[in-house]
Every structure is written in C-alpha cells, then in structure tokens.
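Input: a single structure, listed below in structure tokens.
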Amino acid sequence: MYLKFPWLSSRKHLIFRTIFDLLILFSLVKIINWGNSKYILIPFILNFSYIFGFYSNKKNLQKVFFLKNIELFKKCLYHFITSYLCFSFLNLFKILDLAFDKLALFLFFYLIISIVIENNSFIFEKLYKSKSNEWIIIGSKSFEDELCKLQKENKKNLKLVSNISITEKNYLKNKNFIIEDFEKLTIEERKILRDAHVNGYKVFSKLNWCELILQRIPAETFSLYDLIQIEIAPKMNTISFRIKRIGDIVFSLILIIITFPILVFISLLIFLEDRGPIFYTQKRSGLLNKTFTIVKLRSMTINSELDGPQWSYQSDSRVTKIGKIIRKYRLDEIPQLISVLKGEMSLIGPRPERPEIDLKLRSVIDKYDLRYLIKPGLSGWSQVNYPYGASIKDAEMKLSFDIFYMRHFSIFLDLLIFFKTLKLVFNAEGSNPLSTDNK
C-alpha cells in the first residue's frame, strides 16, 4: 500500500478528518429536514473545507481553543460566509431550495462540532500515528550523507540514525530501515530485517524512502537499472490514459464556459492599462520534446524580452499591474485550455518549458529528458508541492516531483492534484518565484 500509493501516506490525517466531517454532515442533514436536495450540501461543504484550508494540519490550530486562535477563527468565519453566499446563489437559480435560517444554523453547528473533534488531537494521533519516525541507515558514509542532505529538505519530524549494528537485540524495537545494498547484508542481518518487515516496520531502499517520505524521486537516487525496474515511462495506451484524455476534454470545456466572462473582463483591463495586445504566444517543449505553441494572457509589459527568453523573478519590474493580479490567481493560464483541447497538453502533467531554457537545463540536469515521456500539463505534482520555479535548482527540484508523478500516475492522483490546484488558486499561493533574479 505504501509503495503503490505513497502520496496517500502523508494524507491519513486528511482522510480521517474527512470521514469525521462526513459523519457530522450526514447526521445534521438527517436532523434538519430540507427534502431530497439536502444531500447536495455534503460535497459542497467538504470542497469548501478543503479549498479554504480548513483541513490544514497545523499543530498550533490543534492545541489552542478556537476563539483564542485568531487564524482559526478567521478561517471559520471565511468558510461560513463563502458557504452561505454559495448556497444563496444556488437558491437564487432554484438549484436548491433551502431555508436560510436553517442553513445558517446548520453551518454553525457543523463548524462547532468539527472544531471540537478536530482539536482533540488525541483521537487522530491514535488513528493515524505511525509506529516509529526513526530510521536506521545501513550503508556507507556517502550514502548516509546523501540521505541527511535529502532529510534537510523534508518537513516531517524524522530521525536518521547511522553507525548502528542491527544485530544488537536491544536496538530492534520500533525501528524502520533504509538499506544501501541488500546484497551486502549478512544472513543474520537479512533475518532481522525480514522479522522487522513481518512485524509491520518498513525496510526500504533509498528510492523507496524518497517516494514515501519526500514524495518525489531525485534523479541522482536511481540508476539505469532502477529506471527499467520502476517503469518510469507510462503506457500511453492504457485505459487510465484514455480516461485522462476524456477528462481533459470535458473539464476543459466546462472551465472555458465558466471562466469566459472573467476572461472578457480581464482582457479589457489588460488593453486599458497600456493599450497593448491582450494575448501573447510562446513556444514550449511537449511530449517527446516536440515543440508546440501556447497562448497566455499578457501579464508583462510590451517587448519585455528584448534580451531573449528568461525566467521571471520576485518583484519583476516587467510584470504589469494587472499582470500581478492575474499571475497571483493563475488567470493568465486560462487560454492554455485550448492547447489541452487540441491534445498538445493535459490538465495534469509536468509544466512545459520554453525550448531555449530547456536546452540549458538538459545540459546541466541529469535525466532531465525523462519529463518528455509524458504529455505536459496545465498543473502538476511539482506545481502543487513546490513554489514557482525560476532557477536551475528549482528546475532540478521540480524534475524530482515530475518523475514521482510519472512513476505513480493514476486517475486518483490526478484528482488529488486537481483539488490541490483549486486550493492554491483560491488562496493565491505558490505563484511567486523563489528567486530574486533571473539567473
């Protein structure tokens, strides 16, 4: 389960909180009678809860009573207001027929009950707490140094232990293991590790550990042999990819229809700011490194790249006033839905890069070409897990997330990325470049 769906392992808390919320919501809609339309409330409220950060797993939100915690109180108030406005809109167009006073009472009790339960960290610790967060490293000093370097990039509370003899019986309890080379283990060590595995503890290679803990696969962690074993190239003719293509077409059409009025309004603002063109085109590298053209809403000044293609950076003076807003909420990406409909892109996949920048990255980043094995996307695993990349280091980090996505592609992972993208867009997160210059 861990190796097949490693992206689920760090989301046990989210799963259990969602189950609790489902039970609360189901109980409340049974108590408050709204007729047959009442159950449509459940998916709406769960989506609001996730998108607006109500499921954020922050310890300071779990230990302090919510009225004393300003951030949590603001989140609850924001959730209540947006939910109320949404249901008012549904009522106005006769999609639902709900009494506003009952709706307000419903939302109030839902927030109170869920906060009380979710602030009781004891319940969740018993349900999803892992057996151990300590990992014993079995390998060379260079292997240990590499893992420690990767650990520094990890936000989880893990402990790496090295130079330990696993044949010491007093050191066998509650431990997980990272093995450099299974072939070099003694018969006794193999027996100990087998027993640990049977008792529910994890015995991983470096590659497996990166997948489970980091949820990315750095290019330096696997060899050509590993590349063949993990089948990094997806099978393009599988049913999952056909379903993915159908989903791309359906959701792209829905998004185009929904965002069309916004697109018209933004286009007018872009034109009024400097009387320049509304759209601009760029060449991008796609599947199998084939070049295609994307269309974006113009967010930079006219002739902003007279010195050639370059990355954006923090406080980029080339970005217009309207451009800052539409970049923050990713609205400049809307026209790329046309590329999705044409089949040049997917909704989910590695972000396509410009050929001029790609050429540079391929010369300095090992295994960079792997990202061409799958169709590029409007959003992706790297976009929802790492901020806007604008440097070689950022590109290397994003490649590790892209490799993880290709290794673990599934419709369910695409849905997770889709909802995480909605959350980022609604909260205006992840759109600001990390770099302060364009080097």
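The values are calculated or read from the model by the stated rules, or taken from the named source; none is laboratory data. This structure is a prediction, so every number in the text was calculated from the model and none was measured. No Cβ is skipped: glycine too gets one built from the backbone with ideal geometry, and neighbour counts run over all protein chains shown. Heads up: the accessible areas ignore ligands, DNA and RNA and are worked out on the full protein's heavy atoms, side chains in. Shrake-Rupley method; radii C 1.70, N 1.55, O 1.52, S 1.80 Å.
Some points to look at:
- In the range 127-144, the residue that is farthest from the chain's Cα centre (by Cα) out of those that are open to solvent by 80 Å² or more (accessible area, probe 1.4 Å) and modelled with pLDDT under 55 is Lys131.
- Restricted to the range 157-193, and to residues there that are at pLDDT 80 or above and among the charged types (D, E, K, R), the residue that is surrounded by the fewest Cβ atoms within 10 Å (Cβ to Cβ) is Glu183.
- Scanning the range 277-327 for residues that are closer than 22 Å to Asp369 by Cβ, open to solvent by less than 50 Å² (accessible area, probe 1.4 Å) and at pLDDT below 75 gives a single hit, Trp311.
- Cβ-Cβ under 9 Å pairs, at least 6 apart or on other chains, the range 145-156 side more than 12 Å from Thr221 (Cβ to Cβ) and open to solvent by less than 80 Å² (accessible area, probe 1.4 Å), far side assigned to a loop (DSSP other than H, G, I, E, B) and modelled with pLDDT under 80: Cys148/Ser162; Gln151/Leu158; Lys156/Ser10; Lys156/Asn133
- Among the residues of the range 382-411, those that are within 22 Å of Ile249 (Cα to Cα), touching a residue at least 60 places away in the same chain (Cβ under 8 Å) and assigned to a helix (DSSP H, G or I) comprise Met406, Ile411.
- Looking at Leu331, Leu341, Leu359, just one residue is open to solvent by 40 Å² or more (accessible area, probe 1.4 Å) and free of Cβ contacts under 8 Å to residues at least 40 places away in the same chain, and that residue is Leu359.
- Remark: pairs (first residue in the range 261-289, closer than 16 Å to Ile334 by Cβ; second residue among the small types (Gly, Ala, Ser); Cβ separation under 6 Å; 6+ apart in sequence or on different chains) = Ile278/Ser267.
- Lone unmet requirement of (1) open to solvent by less than 50 Å² (accessible area, probe 1.4 Å); (2) at pLDDT 90 or above; (3) not charged (D, E, K, R) for Leu253: (1)
- Qualifying residue in the range 212-228 (condition: modelled with pLDDT under 90, surrounded by 13 or more Cβ atoms within 10 Å (Cβ to Cβ), in contact with a Gly (Cβ under 9 Å, 6 or more places away or on another chain) and part of a helix (DSSP H, G or I)): no
Results for (1) of a type in the set (D, E, K, R); (2) out of contact with any strand residue (DSSP E or B) (no Cβ under 7 Å at 6 or more places or on another chain); (3) open to solvent by less than 20 Å² (accessible area, probe 1.4 Å); (4) over 22 Å from Ala219 (Cβ atoms), shown as yes or no for each residue.
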residue	(1), (2), (3), (4)
Gly377	no, no, yes, no
Glu396	yes, yes, no, no
His408	no, yes, yes, no
Ile417	no, no, yes, no
